[in-house]
1. Of the conditions (1) in a helix (DSSP H, G or I); (2) out of contact with any strand residue (DSSP E or B) (no Cβ under 8 Å at 6 or more places or on another chain); (3) free of Cβ contacts under 8 Å to residues at least 60 places away in the same chain, N111 clears all except one; give me its number.
2. I'd like to know if segment 33-42 contains one or more residues that are surrounded by 12 or more Cβ atoms within 10 Å (Cβ to Cβ), in contact (Cβ under 8 Å) with a residue 60 or more places away in the chain and small (G, A, S).
3. Inside segment 62-107, can you point out the residues that are over 20 Å from L154 (Cβ atoms), small (G, A, S) and free of Cβ contacts under 8 Å to residues at least 12 places away in the same chain?
4. Listed residues L57, L53; which is modelled with pLDDT under 90 and either more than 20 Å from K7 (Cα to Cα) or assigned to a helix (DSSP H, G or I) (or both)?
5. So which of R30, R87, R59, R17 is more than 28 Å from I174 (Cβ to Cβ) and either touching a strand residue (DSSP E or B) at 6+ places or on another chain (Cβ under 7 Å) or charged (D, E, K, R) (or both)?
6. Which condition from (1) surrounded by 15 or more Cβ atoms within 10 Å (Cβ to Cβ); (2) closer than 18 Å to S95 by Cβ; (3) within 19 Å of the chain's Cα centre (by Cα) is the one that A69 breaks?
7. Based on what the data block shows, is S95 of a type in the set (S, T, N, Q), assigned to a helix (DSSP H, G or I) and within 30 Å of A132 (Cα to Cα)?
8. Give segment 75-91 a look and list any residue that's at pLDDT 85 or above and either among the polar types (S, T, N, Q) or buried (at least 21 other Cβ atoms within 10 Å of the Cβ) (or both), or say none.
Amino acid sequence: MRADAQKNYDHLLAIARDVFTEQGVDASLRDVARRAGVGLGTLYRHFPTREALLEALLRASFDELTAKAKESETSNSPAEALVSWLRDVVTVAHSPRGVVASMAAAIADENSALHASCVTMKAAGARLLVRAQASGLARSDLEGADLFALVGALAWIHDQPSLAPRADYLFRLIAGAILTSRSRNDAECD
């Protein structure tokens, strides 16, 4: 990519991140272009769809979560690795507001721009869950899809003004429900 095109691309991503953080993932793309000081056509040349823009915004975070899960598989206890990854994914999934719905839809749609990065991140979490289960530190009746659903629920809580003040407590409650009594003493759930 030419230097000026890369500069426009990076600028559009920075502005889109700000707009989506303020207004959620359904924010106007026209507003993104206007605030970036470019025409809507320029935005669409770089990002032909809202989903392509979201994918570009989220890919780095998803890749980082996947890498962190892989690193945690060998460096942390299974329970600590799982709870830490869960907390990090919830953090990513609740900002910008509404992103968790896009993530869930992308998992089911192989043609989605977000599909590959979401599936890879979900699989990384499932491996952490299986590792904790194999060690007897996590409930055996959960699977990766359940873990991803819990991420969605915990991210949704952050978006609800009446529940947001209890988000940390509810995270600890859910994390404690995932872990077995044996691992609750070993893992840092808060």
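1. (1)
2. No, segment 33-42 contains no residue that is surrounded by 12 or more Cβ atoms within 10 Å (Cβ to Cβ), in contact (Cβ under 8 Å) with a residue 60 or more places away in the chain and small (G, A, S).
3. Passing the criteria: A67, S75.
4. L57
5. Working: R87 fails: more than 28 Å from I174 (Cβ to Cβ); R59 fails: more than 28 Å from I174 (Cβ to Cβ); R17 fails: more than 28 Å from I174 (Cβ to Cβ).
None of the others qualify; the one that does is R30.
6. Result: A69 fails condition (2) only.
7. No; evaluated as a whole, the condition is false for this residue.
8. Hits for segment 75-91 are S77, P78, A79, A81, L82, V83, S84, W85, L86, V89, V90, T91.
The values are calculated or read from the model by the stated rules, or taken from the named source; none is laboratory data. Here the structure is a predicted model, which is why all the values come from computation and not from measurement. No Cβ is skipped: glycine too gets one built from the backbone with ideal geometry, and neighbour counts run over all protein chains shown.
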